[in-house]
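First up is the structure itself, then whatever we jot down about it.
Values in this text are rule-based calculations from the coordinates and carry no lab data. Everything numeric here is computed off the predicted structure, so don't read it as measured data. Cβ atoms come from the backbone with ideal geometry, glycine included; neighbour counts cover every protein chain shown.
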Amino acid sequence: MSGEIIAIVDGKEYQVLERKGAPLELGKRFICGAELTRETVDKDGKHVSTETKYVSGELILNGIWTVYAGCGTEFLVTKASPSIIECCGKPAVLQKPKPLPSSD
Ligand SMILES: [Zn+2]
């Protein structure tokens with residue numbers, strides 16, 4: 001895929017998702033950082049799982065350039081609002097709940 005941004009964390013390659021805000025829903029957690037995802041496929045190329053990771057601090061992208069991913073501050077929404085949280089000049093990222101092992 002062209003335009004894909006890759007970061008290597010703990011020796012694994014992750015795709016870096018664009019940082020964008022989400023409406024503040026009660027009980028949701030946000031973090032000032034980068035959202036990284038990694039798809040695991042089996043030997044036939046079939047999707048096995050998706051791993052999501054949130055990182056802060058400096059991140060090396062595509063092995064070339066360094067960006068500041070965020071300060072790592074976490075936010076818990078205690079009052080719903082249509083606005084977004086900004087931190088370090090960028091929207092804070094909505095944290096997905098940890099996926100439960102599926103049984104299908
Ligand atoms: Zn921040």
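Sort out which residues of segment 1-53 are within 24 Å of Ile84 (Cα to Cα), among the hydrophobic types (A, V, I, L, M, F, W, C) and exposed (fewer than 12 other Cβ atoms within 10 Å of the Cβ), and write them in order of number. Working first, answer last.
Looking only at segment 1-53, we keep the residues that are within 24 Å of Ile84 (Cα to Cα), and these are 15-37, 52-53.
From what's left, among the hydrophobic types (A, V, I, L, M, F, W, C): 16-17, 22, 24, 26, 30-32, 34, 36.
Listed by number, the list holds a single entry, Leu26.
Conditions (1) surrounded by 11 or more Cβ atoms within 10 Å (Cβ to Cβ); (2) of a type outside the set (Ser, Thr, Tyr), marked per residue:
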position	(1), (2)
Glu58	no, yes
Leu61	yes, yes
Thr66	no, no
Cys71	yes, yes
Pro82	no, yes
Ile85	yes, yes
Lys98	no, yes
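Scanning segment 62-73 for residues that are assigned to a strand (DSSP E or B) and out of contact with any Cys (no Cβ under 8 Å at 6 or more places or on another chain), which turns out farthest from the ligand (Cβ to nearest atom)? Explain how you work it out, then say what you get.
Filtering segment 62-73 down to residues assigned to a strand (DSSP E or B) leaves 65-68.
Cutting the leftovers down to out of contact with any Cys (no Cβ under 8 Å at 6 or more places or on another chain) gives us 65-67.
On the way: Trp65: 20, Thr66: 17, Val67: 13 Å.
Here the answer is Trp65.
For segment 61-97, what are the residues that are farther than 16 Å from Gly33 by Cβ and under 16 Å from the mean Cα position of the chain (by Cα)? Full working, then the answer.
Filtering segment 61-97 for residues farther than 16 Å from Gly33 by Cβ gives 62-65, 77-83, 97.
Within segment 61-97, Pro97 is the sole residue that qualifies.
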Checklist line | Index of the failed condition, Leu24 passing every other in (1) touching a residue at least 24 places away in the same chain (Cβ under 8 Å); (2) at positive phi | finding: (2)
Check: Can you name the residue in segment 22-50 that is of a type in the set (Gly, Ala, Ser) and under 27 Å from Lys79 (Cα atoms) and, of all such residues, is farthest from the chain's Cα centre (by Cα)?
Finding: Gly27
Notebook entry, point to check: Can you name every residue in segment 18-61 that is aliphatic (A, V, I, L, M), in contact with a Ser or Thr (Cβ under 6 Å, 6 or more places away or on another chain) and part of a loop (DSSP other than H, G, I, E, B)?
Noted result: none
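Which one of Glu58, Glu4, Glu18 is free of Cβ contacts under 8 Å to residues at least 12 places away in the same chain, within 16 Å of the ligand (Cβ to nearest atom) and under 15 Å from the mean Cα position of the chain (by Cα)? Outline the logic, then answer.
Numbers: Glu4 fails: within 16 Å of the ligand (Cβ to nearest atom); Glu18 fails: within 16 Å of the ligand (Cβ to nearest atom).
Criteria check complete, one pass: Glu58.
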Checklist line | segment 87-96, subset assigned to a strand (DSSP E or B) and more than 10 Å from the ligand (Cβ to nearest atom), residue surrounded by the fewest Cβ atoms within 10 Å (Cβ to Cβ) | finding: Pro91
